[in-house]
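The values are calculated or read from the model by the stated rules, or taken from the named source; none is laboratory data. Computed from a predicted model, the values in this text were never measured in an experiment. Positions of Cβ are generated from backbone atoms using ideal geometry, with glycine treated the same way; all protein chains shown enter the neighbour counts. To get the accessible areas, we keep the full protein, side chains included, count just its heavy atoms, and leave off ligands, DNA and RNA. Shrake-Rupley method; radii C 1.70, N 1.55, O 1.52, S 1.80 Å.
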Amino acid sequence: EQSLKEELNSLQKELVDLFMAAARTGQQDVINEFLKHGFPVDAKNHEGYTALMMSAYYGHQDIVTTLLNNGADRCLRDNKGNTALMGAIFKLEWSIAKQLRKVDCDANAKLTGQKTTAEFAKIIGQDQQFKQMLIEQAQNQ
């Protein structure tokens, strides 16, 4: 028989899985319902992914916007050290990347030994596109 703590952990995992699935598949109404009831916007699954990372990776800009408007932390990293911005760049979701890059999350990367977004972009062969995005953003400020 499960203890109450085990049951609660299981239920919490199920809720996180549903939240992530909604972010991955672009179900805005489900995301809104979770957030309306106070679900933690930065909840992580077993791989360390947040809904922001999922929605950025799968190209759901409307959900990215909703999550950011609800205080999602764009600087969080998954278990492999990747941010939502890195996921967007990996999938060539440049409009989402521009939205996420409005805050520079790389300031502490060197201190913690994690890769910066520029280093990540270079690894996956997107360094020119990333540099171009930074130039455009600087010009638009």
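Let me confirm something: among 102, 122, 115, which residue is in a helix (DSSP H, G or I), among the basic types (Lys, Arg) and touching a helix residue (DSSP H, G or I) at 6+ places or on another chain (Cβ under 9 Å)? Within the list 102, 122, 115, the selection yields 122.
Can you confirm whether the stretch 32-44 contains a residue that is over 30 Å from residue 135 (Cβ atoms), assigned to a helix (DSSP H, G or I), among the polar types (S, T, N, Q) and modelled with pLDDT of 95 or more? Checked against the condition, which is being over 30 Å from residue 135 (Cβ atoms), assigned to a helix (DSSP H, G or I), among the polar types (S, T, N, Q) and modelled with pLDDT of 95 or more, the stretch 32-44 yields at least one hit. Scanning the stretch 13-31 for residues that are in contact with a helix residue (DSSP H, G or I) (Cβ under 7 Å, 6 or more places away or on another chain) and open to solvent by 60 Å² or more (accessible area, probe 1.4 Å) turns up just one, 24.
Got a number for residues in the stretch 1-23 being more than 25 Å from the chain's Cα centre (by Cα) and part of a helix (DSSP H, G or I)?
Of the stretch 1-23, the ones more than 25 Å from the chain's Cα centre (by Cα) are 1-8.
With part of a helix (DSSP H, G or I) added as a condition, the list becomes 4-8.
Of the residues in that region, 5 qualify.
May I ask you to verify whether residue 62 is of a type in the set (Asp, Glu) and either in contact with a strand residue (DSSP E or B) (Cβ under 7 Å, 6 or more places away or on another chain) or part of a helix (DSSP H, G or I) (or both)?
Spelling it out, residue 62 is indeed of a type in the set (Asp, Glu) and either in contact with a strand residue (DSSP E or B) (Cβ under 7 Å, 6 or more places away or on another chain) or part of a helix (DSSP H, G or I) (or both).
For the stretch 32-51, how many residues meet the condition of being over 14 Å from the mean Cα position of the chain (by Cα) and either among the aliphatic types (A, V, I, L, M) or surrounded by 11 or more Cβ atoms within 10 Å (Cβ to Cβ) (or both)? It would help to see each step written out before you state the result.
Pass one, the stretch 32-51, residues over 14 Å from the mean Cα position of the chain (by Cα): 32-39, 46.
After this cut, where a residue has to be either among the aliphatic types (A, V, I, L, M) or surrounded by 11 or more Cβ atoms within 10 Å (Cβ to Cβ) (or both) as well, the list is 32-35, 39.
Total meeting the criteria: 5.
Of the residues making up the stretch 92-127, those that are among the basic types (Lys, Arg), farther than 25 Å from residue 65 by Cβ and open to solvent by 70 Å² or more (accessible area, probe 1.4 Å) are 110, 122.
Applying a threshold of 6 Å to beta carbon distances and a minimum spacing of six or more residues, or different chains, the list of pairs starting in the stretch 125-138 at a residue that is of a type in the set (Gly, Ala, Ser) and part of a helix (DSSP H, G or I) and ending at one that is modelled with pLDDT of 90 or more and surrounded by 15 or more Cβ atoms within 10 Å (Cβ to Cβ) is empty.
Remark: pairs (first residue in the stretch 1-19, within 25 Å of residue 36 (Cβ to Cβ); second residue open to solvent by 90 Å² or more (accessible area, probe 1.4 Å) and at pLDDT 95 or above; Cβ separation under 9 Å; 6+ apart in sequence or on different chains) are absent.
All conditions but one from (1) open to solvent by 70 Å² or more (accessible area, probe 1.4 Å); (2) more than 26 Å from residue 97 (Cβ to Cβ) apply to residue 10; the one that does not is (1).
Can you name the residue in the stretch 61-77 that is in contact with a Ser or Thr (Cβ under 8 Å, 6 or more places away or on another chain) and within 20 Å of residue 26 (Cβ to Cβ) and, of all such residues, is surrounded by the fewest Cβ atoms within 10 Å (Cβ to Cβ)? Ranking the qualifying residues of the stretch 61-77, first place goes to 61.
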